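Taking it in order: structure first as structure tokens, then the write-up.
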Amino acid sequence: MDVSLLWPWLLPIVVVAGLALAIVGLLLPKRRRDRGLPVAHVDRMTALPAFRGALARYRLWIGAALVAALAGVAVAGAVAARPSGVHANQEDDYKRDIVLCLDVSGSMVDVDAEILGVYQDIAASLDGERIGMRIFDASSVMAFPLTSDYDYIQEQLGRYVRALTGTLGPDEQFNYLAGTASGLGASLVGDGLASCVLDFADLEASERPRSIILATDNVVNGQQIFTLPQAGQLAVDNEVRVYAINPFDWGRDMASQELREIAEGTGGAYFSLDFAQTVPQIVDRVNAIEAGYIETPPQIQVVDRPGALPLVVLLLVAGVVAMAWRARL
């Protein structure tokens, strides 16, 4: 990892301040000596070899202490300037995408609140998957896009439940059917499923396994752009599994049989609305699919990298103290 100074401007400031203190320290002793009393015949003492040796050693220790102090100031300045490196934390993961696809036509309105309860339980049972929701009748509307924010997912699902059950708060204004009556007909299941398939981003490039949890009775009224088999083939072509929930499963009726065949033809499954079995079975099937590799954007962090510099500062300070003590001897 390359190391650079985060605050390089601080280094010269610290060095200059250290030099200023050193100069002041050198000048103060001289001023104190100037205020001393004169002594006669000092030249006889200073001429002694022992005195000259002691003075040389004293100057040597003082010089060494000064050099160590200046080095310590320079190293301390480097530490204060914060040697730092950039660290890129790549947290790759393996996840899936799931679109909740809800029929809000008149024939489903009495059970949609229960279906949304199933969706809430499914979302609460998953971990880390991206979940989105689309509702449809004569036309389809995205309720919320794919997201891994589970608090937001539960908040949006709860808002639809309150709207369907007539329990919206006094400050809530929400027409959950807005935008779903723009086409000709009602409960256009093929168009609704095709729209849900196309909600997955980067269908060709993404490696995330994709699933749709489709809730409908498959009772179509009107002309569709996509028939249910065509929408099912669109799901197969894009490797999207469809898990269909039919709250009005009459056993051998054609609508239920067609919905079952389309769902199972995508590699998914078909369920009647049974709270004891539907939620755990769907969750188990989704979790059984091998998750796709997701390369998330790296998280860039600036990390302090002082290395051994703080230890060097401590050693130099200890050296200055030791040399100053030795010089006094």
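The values are calculated or read from the model by the stated rules, or taken from the named source; none is laboratory data. Everything numeric here is computed off the predicted structure, so don't read it as measured data. Note that each Cβ is placed from the backbone with ideal geometry, even for glycine, and that neighbours are counted across all protein chains shown. Note: accessible area is taken over every heavy atom of the protein model, side chains too, but ligands, DNA and RNA are not part of it. Shrake-Rupley method; radii C 1.70, N 1.55, O 1.52, S 1.80 Å.
I'd like the full set of residues that are open to solvent by 30 Å² or more (accessible area, probe 1.4 Å) and either modelled with pLDDT under 75 or outside any helix (DSSP H, G or I) (or both), limited to the stretch 73-95.
Arg82, Val86, His87, Ala88, Asn89, Gln90, Glu91, Asp92, Asp93, Tyr94, Lys95
Restricted to the stretch 147-176, and to residues that are open to solvent by less than 40 Å² (accessible area, probe 1.4 Å) and aliphatic (A, V, I, L, M), which residue is nearest to Ile131 (Cα to Cα)? Don't jump to the end; show me each part of the working.
Quick first cut of the stretch 147-176, residues open to solvent by less than 40 Å² (accessible area, probe 1.4 Å) only: 147, 153, 156-158, 160-161, 163-164, 169, 176.
Filter once more, keeping what is aliphatic (A, V, I, L, M): 153, 157, 161, 163-164.
Numbers: Ile153: 7, Leu157: 11, Val161: 17, Ala163: 20, Leu164: 21 Å.
Result: Ile153.
Tell me which residues, restricted to the stretch 122-142, are open to solvent by 20 Å² or more (accessible area, probe 1.4 Å) and in contact with a helix residue (DSSP H, G or I) (Cβ under 7 Å, 6 or more places away or on another chain).
Ser125, Arg134, Ser140, listed by residue number.
Select from the stretch 96-115 the residues that are farther than 20 Å from Ile131 by Cβ and of a type in the set (A, V, I, L, M, F, W, C) and write down the one among them that is most open to solvent (accessible area, probe 1.4 Å).
Of the stretch 96-115, the ones farther than 20 Å from Ile131 by Cβ are 105-111.
So of that shortlist, the ones also of a type in the set (A, V, I, L, M, F, W, C) come out as 108-109, 111.
Working: Met108: 0, Val109: 55, Val111: 18 Å².
Checking each candidate, the answer is Val109.
Take the stretch 112-152 and flag every residue that is of a type in the set (A, V, I, L, M, F, W, C) and assigned to a loop (DSSP other than H, G, I, E, B). Even if it seems obvious, please write down each step before you answer.
Keep residues of the stretch 112-152 that are of a type in the set (A, V, I, L, M, F, W, C), which gives 113, 115-116, 118, 122-124, 126, 131, 133, 135-136, 138, 141-144, 146.
If the condition is that a residue be of a type in the set (A, V, I, L, M, F, W, C) and assigned to a loop (DSSP other than H, G, I, E, B), then Leu126, Ala138 are the ones that fit.
Filter the stretch 153-196 down to residues that are part of a helix (DSSP H, G or I) and in contact (Cβ under 8 Å) with a residue 60 or more places away in the chain and give me whichever is farthest from the chain's Cα centre (by Cα). Steps first, answer last, please.
Within the stretch 153-196, the first condition is being part of a helix (DSSP H, G or I), and the residues that meet it are 153-165, 189-196.
This time we only want the ones that are in contact (Cβ under 8 Å) with a residue 60 or more places away in the chain, so: 189, 192-193, 195-196.
Details: Val189: 37, Gly192: 33, Leu193: 31, Ser195: 29, Cys196: 27 Å.
Among those that are part of a helix (DSSP H, G or I) and in contact (Cβ under 8 Å) with a residue 60 or more places away in the chain, it is Val189.
If we keep just the residues of the stretch 47-72 that are touching a residue at least 60 places away in the same chain (Cβ under 8 Å) and within 60 Å of the chain's Cα centre (by Cα), which is most open to solvent (accessible area, probe 1.4 Å)?
Looking at residues that are touching a residue at least 60 places away in the same chain (Cβ under 8 Å) and within 60 Å of the chain's Cα centre (by Cα), I get Trp61.
Hey, could you check the stretch 200-209 for residues that are hydrophobic (A, V, I, L, M, F, W, C) and open to solvent by 10 Å² or more (accessible area, probe 1.4 Å) and say which is nearest to Pro145 (Cα to Cα)? It would help to see each step written out before you state the result.
Start the filter on the stretch 200-209 by keeping residues that are hydrophobic (A, V, I, L, M, F, W, C), which leaves 200-201, 203, 205.
Now drop any that are not open to solvent by 10 Å² or more (accessible area, probe 1.4 Å), which leaves 201, 203, 205.
Numbers: Ala201: 10, Leu203: 15, Ala205: 18 Å.
Filtering first and then ranking leaves Ala201.
Going through the stretch 197-208 one residue at a time, which ones are under 22 Å from Leu259 (Cβ atoms) and in a loop (DSSP other than H, G, I, E, B)?
If we filter the stretch 197-208 for residues that are under 22 Å from Leu259 (Cβ atoms), which is where we start, we get 197-200.
Result: Leu198, Asp199, Phe200.
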